[in-house]
Each structure stands twice: as structure tokens, then as C-alpha cells.
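Worksheet: the structure to be examined is printed underneath.
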Amino acid sequence: MKIGLVGYPGSGKSTVFGALTGLVVETGYGARSDKANLGTVKVPDPRVEALSKLYEPKKTTYAEITFSDLGAAKSEGIDRTALNAMRSVDALCQVLRAFPNDAGEEGDPCRELEGLETETILADLEVVEQRVERLRKDRSNPNELALLERVQSHLEDAKPLRSLELSEAEIKQLAGYALLTGKPLLLVLNVAEDAIAQEAPAAVTSAARERGLGLVVLSAAVEMDIAQLDEAEQLEFVSSLGLEEPASDRFVRAAFALIDLISMLTAGPDECRAWPIARGTPAPKAAGKIHSDIERGFIRAEVIAWQELIERGSEASCRDAGVLRVEGKDYVVQDGDVVNFRFNV
């Protein structure tokens, strides 16, 4: 699962990337723009922590997200290198500047949001127009042509693809085009240190709500400082800022939810682990995340809600209390399910 960070020069995009991943990257206008930095972060999950305390396993494994700092940019916008790199990620995160730059100029996050939206719409329109032109000439696929003409009309109205109502079949049909405005988008408002505990300005909140986008407020410079502290010091520092947790934790969870993933849990003396799966995944497919043999030989899934397992202290107690459920192939795994798969190959 890869999320691409994008933003205009000076937005603090690379600083956000460094704060999230703990990696040292070049920042500022002089930084290299011919490569994308990659970093993987764990998704904070108190359920995994609780299960780990219960089982004291040899290994504890959290769900992970890979962030890609899409470094190529130019002063007047996002260049083609960055736009092309954006097509290879699962979702996008735009960093918006809401702090004064070195020249004392205030940020204009709404303008940056609208600017990227326009650029990505135009990039998608170029792809769609070329394909529509070919389909009109050879008439090889009238269904695809009808769909793309509808997409083209929507983009020409300056609307991103994610705001167009599409069926699951249509979404799959469009997947191969990797259209930028169809990708989930999360906004990060990068604020000055003295604004870290404040809510986002009403105009930014309204712009995000109108577009159905997630919004997280953080100060990348402060998050960099927090990341350098040990856990106890982090909590003390965060509390002194009037926050309950590092904004980076909220950001990572929001990014995880952005792709509509949930966590299936497994627990035992060897390992307690969160397995990211798409919401709506049936039990056999979820089993395949662990190993293809388990999916192929699926018999049943033994399921316990994680709260029940923590409260009762063992699988045996859950079985005795009747809260351990046996589910078949049609069961859709829910967020926080602790699952033990039975299979035979």
C-alpha cells in the first residue's frame, strides 16, 4: 500500500515525509527533484498493543503504509515527472502550506488545493481524450467508449473523477488508466508551531468537506522534533502543546482509512499481528493475505471480536461464553476481528 505525498514548493512536503518516516531527506528549494523518497511507517493500533500484552508473543507486527515523497516540482506548479509518478501510488496526500514563508508571505492552502485539482483534471483529460479518439475511430469497444465519454464530460466540467458516481464494474474498467482524480486524496494542513492546537480555517474545512476529502492539521517542524524523542518524552511534549497524541499518529490512521482498509487481527504466543485488508473482503480472500494455501484449503474461520478476547482473557473463555463464532466462506471480515482460519490442503 503506497501513498504519494505531493505539494507545491515550500509547502513542507519533504519535512512532513521526514517527520512521518524518521528519514533524513533534502528539503527546500535546493533539494533534488529527480527522485522519489520512500519510507514505511507502522499504523498505530491499540488493539494490537492490547493483544500483545495478553499473549506476550515472540513478535508483534503492525499494519504498515509506504509513503512516497514525490519530489519533482516547479515553482509554478507540479511538473510532468511528478504527475506521472502520482499514477503509480494507491492514494494521494497533498500538503498545504498554512504558515508564512521566509519572505513573510502567508500561505494560501485553498489556492494550492484548487491548483493541484486543476492540474490533475487536465492531466486526466489528456489521457481520456486520446483514448476516446482511438475508440471512436476503430469502434472496437462501444461500452468503454460510452464510459470514457461520460468521464470526459465530467472532467471538462472541471470536476475530479472521484466525484462521479460509478459502479464497481466501471471503477474496475477505469483502473488501468490510473487516473489521478480518481485516487483517494487526503489533505494535510501544515501550520506554524503556534497554530498546532487550533482547528483548520473555515475556508479550508469547507473546501475539504465539499470535495469529500479527509483533512489533518499538523506542524511538520514540530512533528520532526517529536519524532526525535523517546515515547515517554513524546507524550509529555505532546501534552504540553495541548494535544492528546502526536499529529503524525492521526495522520497515519487517516491515511490508512483513506484507502478504505480495515485490520484483521491474528493473535497467539508466536505473533500478534494486524493484517490490512480491503473493507468487504470475504473470509477466504482474507485468509489468502496470510498464505495462499489457507485460502485454497479454507474450511472455516473462528472469529472473536478483539474486545471480547481482551475482556475474557483467552480463546477458551470466549468459546465457553459463546462469543467465539464459526463462520463460513460467505462471512465478510470486520475491522478488529481476531481470526483463526481452519484449512486443509
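The values are calculated or read from the model by the stated rules, or taken from the named source; none is laboratory data. Just so you know, these numbers come straight off a predicted model, no measurement behind them. Positions of Cβ are generated from backbone atoms using ideal geometry, with glycine treated the same way; all protein chains shown enter the neighbour counts.
Structural remarks
- A single member of R279, R325 is out of contact with any Gly (no Cβ under 6 Å at 6 or more places or on another chain), closer than 22 Å to D90 by Cβ and charged (D, E, K, R), and it is R279.
- Lone unmet requirement of (1) within 30 Å of F17 (Cβ to Cβ); (2) surrounded by 15 or more Cβ atoms within 10 Å (Cβ to Cβ) for E170: (1)
- The set of residues in region 91-107 being surrounded by fewer than 16 Cβ atoms within 10 Å (Cβ to Cβ) and in contact with a strand residue (DSSP E or B) (Cβ under 9 Å, 6 or more places away or on another chain) consists of E106 alone.
- Some residue of region 295-304 being buried (at least 20 other Cβ atoms within 10 Å of the Cβ) and either assigned to a helix (DSSP H, G or I) or in contact (Cβ under 8 Å) with a residue 60 or more places away in the chain (or both): no
- Any hit, region 258-274, residues being buried (at least 16 other Cβ atoms within 10 Å of the Cβ), part of a helix (DSSP H, G or I), modelled with pLDDT under 95 and not charged (D, E, K, R): yes
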